[in-house]
Amino acid sequence: MSKKAEQVENQQTTDILIVGGGLVGSSLALALSTFLEKNSLDSSPANKKALTITLVEATDITANEQPSFDDRSTVLSQSSANLFADIGVWSAIKPQSAAIQHIHTSDKGHIGLSRLHAEDYQLEAMGYVVDNRTLGRELYKALEKHSNVTRLMPAKVEKLTSHDSHYACQVSTSEKAIVTYQAKLVVLCDGGRSSLAQQLGLHEQVTHYQQAALIANIELTRPHGGWAYERFTSQGPIAMLPLKHNQNRPRSALVWTTPLADLERRLALTDSNFLAELQQEFGQRLGRFNRVGERASYPLKVQKTDELVRSRLAVLGNAAHTLHPVAGQGFNLALRGAFLLAQTVLIANEQGQDIGAYSILKRYAEAQCQDRDRIQQASHGLISLFGNQNKLVSAGRNLGLLALDNCPLLKTSFARSAMGLDIVKPIFRTR
């Protein structure tokens with residue numbers, strides 16, 4: 001076979017190429033494919049143009065190697081549960097999640113606290129906590145049913161080259177072959193250290209908190225009762241989130257904001273000493289801590305890319321932005337972005353427009369930037385407010401917590417924000 005013939009043979013076309021098959025990339029692929037197959041945007045199938053979707057993932061999902069699909073937990077707001085219901089996966093995820101029925105916020109050493117209860121809003125839950133392994137498994141099981149999604153794994157996008165009508169995407173496969181895909185639209189969902197983003201010259205603004213999130217699962221001596229706790233301390237917040245019981249043993253997921261100077265010491269503590277220190281910092285509201293699972297950590301920073309879109313390029317998830325986990329909104333923000341991008345692309349496709357045109361993608365970017373900036377500012381504001389140990393500031397925030405706990409109007413507004421219900425979600429009409 002001639003070299004020229006071999007080059008032609010190794011070229012493929014796709015409408016949308018998604019780089020990264022983690023929780024965000026797989027959610028985007030599933031949203032695009034589900035709503036396409038439901039003819040959800042137009043009642044006339046004759047006007048619908050088929051779209052092909054290629055999902056490229058560097059690890060072997062079937063071997064549980066995807067780093068996003070580990071034992072860490074994700075908080076799903078009520079609005080995220082609604083979005084997953086829209087694409088038909090919530091019925092599989094819900095039984096494997098723990099419902100957040102109550103939210104308790106407090107300031108250690110002070111009287112201020114606030115409590116929210118799902119039943120006050122005629123809801124079963126204000127949100128849910130599910131481990132990433134379960135979430136990833138159910139997303140991929142759903143993707144297997146969609147014939148218009150091609151999954152390449154393990155495979156890696158080595159290089160992206162921009163052209164007027166497409167991106168040339170050089171993909172290395174597990175067979176050590178190089179295949180060049182021509183894609184009308186490329187979506188980067190490959191995480192916060194995206195080498196492709198650097199290759200393309202995408203710049204990001206980064207603020208480091210000089211802190212890390214220390215995460216672990218904590219076994220309790222009594223049921224958590226669906227309570228989620230956010231306990232602000234002088235060193236940073238401690239979150240304890242309800243988990244589904246493991247073999248009838250109650251558990252909560254710990255996210256402990258830790259100064260970098262204390263991180264290695266806390267990671268190296270014996271289990272008993274670690275639990276004793278955590279108990280001292282958190283208190284007794286969940287009873288006595290019984291056991292701690294494997295501990296891990298990741299650095300805390302807030303970042304955002306300067307460009308969410310270019311012509312034929314969009315950026316999603318941690319490749320686009322990160323924020324402090326204080327309010328548990330990171331994945332919820334990314335999921336809304338995935339659905340918003342899917343909506344933008346599918347509407348353009350219905351109208352016979354170029355799905356990769358900058359004028360089209362700009363609509364997604366403008367709406368997503370508003371959502372991102374609002375969430376980042378709120379999260380950063382909480383950290384700044386509760387990190388300030390000035391006595392006047394401390395007194396003011398505690399009065400604020402007490403006012404929130406006793407003012408139904410304020411409480412309802414705060415609850416809707418916590419549940420993500422103050423955001424207008426993408427609406428797809430299904431037939």
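The values are calculated or read from the model by the stated rules, or taken from the named source; none is laboratory data. Just so it is clear, the model here is predicted, and its values are computed rather than measured. In this analysis, Cβ positions are derived from the backbone assuming ideal geometry, glycine residues included, and neighbour counts consider all displayed protein chains.
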Response to the item:
Quick count over region 170-203, residues being under 30 Å from V302 (Cβ atoms), out of contact with any helix residue (DSSP H, G or I) (no Cβ under 8 Å at 6 or more places or on another chain) and not β-branched (V, I, T), is 9
Worksheet item: Residue check: is L300 farther than 26 Å from L185 by Cβ and modelled with pLDDT of 85 or more?
Response: yes
Worksheet item: So is S91 touching a residue at least 60 places away in the same chain (Cβ under 8 Å), small (G, A, S) and either under 28 Å from A253 (Cβ atoms) or part of a strand (DSSP E or B) (or both) or not?
Response: no
Item to complete: Restricting attention to region 80-101, report how many residues are in contact with a strand residue (DSSP E or B) (Cβ under 9 Å, 6 or more places away or on another chain) and either of a type in the set (G, A, S) or more than 19 Å from A142 (Cβ to Cβ) (or both).
Response: 7
Worksheet item: Counting only residues that are assigned to a loop (DSSP other than H, G, I, E, B) and basic (K, R), which one in region 293-312 is farthest from A367 (Cα to Cα)?
Response: R295
Worksheet item: How many of the residues in region 83-116 are among the β-branched types (V, I, T) and in contact with a Gly (Cβ under 8 Å, 6 or more places away or on another chain)?
Response: 1
Discussion item. Exactly one condition in (1) over 22 Å from the mean Cα position of the chain (by Cα); (2) within 30 Å of V255 (Cα to Cα) is false for Q182; which is it?
Written reply: (2)
Worksheet item: Residues in region 318-331: is at least one more than 19 Å from the chain's Cα centre (by Cα) and either within 21 Å of L76 (Cα to Cα) or modelled with pLDDT of 85 or more (or both)?
Response: no
Discussion item. For region 252-284, give me the residue count where each residue is under 15 Å from R222 (Cα atoms) and without any contact (Cβ under 8 Å) to a residue 40 or more places away in the chain.
Written reply: 3
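Yes or no, residue by residue, for (1) at pLDDT 95 or above; (2) more than 18 Å from E230 (Cα to Cα); (3) surrounded by fewer than 18 Cβ atoms within 10 Å (Cβ to Cβ):
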| residue | (1), (2), (3) |
| --- | --- |
| P67 | no, yes, yes |
| T74 | no, no, no |
| D86 | no, yes, no |
| P95 | yes, yes, yes |
| K108 | no, no, yes |
| I111 | no, no, yes |
Worksheet item: Hey, does region 204-217 have a residue that's of a type outside the set (D, E, K, R), assigned to a loop (DSSP other than H, G, I, E, B) and surrounded by fewer than 21 Cβ atoms within 10 Å (Cβ to Cβ)?
Response: no
Worksheet item: With region 94-194 as the region, which strands (runs of 3 or more DSSP E) entirely inside it contain at least 2 residues that are free of Cβ contacts under 8 Å to residues at least 24 places away in the same chain?
Response: 155-162, 167-173
Discussion item. Being at pLDDT below 90, in contact with a Ser or Thr (Cβ under 9 Å, 6 or more places away or on another chain) and in a strand (DSSP E or B) is the requirement here; does Y229 meet it?
Written reply: no
Item to complete: Keeping to region 237-271, report how many residues are assigned to a strand (DSSP E or B) and out of contact with any strand residue (DSSP E or B) (no Cβ under 7 Å at 6 or more places or on another chain).
Response: 1
Item to complete: Within region 235-271, count every residue that is of a type in the set (S, T, Y) and closer than 21 Å to R115 by Cα.
Response: 1
Worksheet item: Of the residues that make up region 293-300, is at least one surrounded by 17 or more Cβ atoms within 10 Å (Cβ to Cβ) and over 23 Å from R193 (Cβ atoms)?
Response: no
Discussion item. Scan region 234-247 and tell me whether some residue there is loosely packed, with under 13 Cβ neighbours inside 10 Å, of a type outside the set (F, W, Y) and more than 24 Å from T105 (Cβ to Cβ).
Written reply: yes
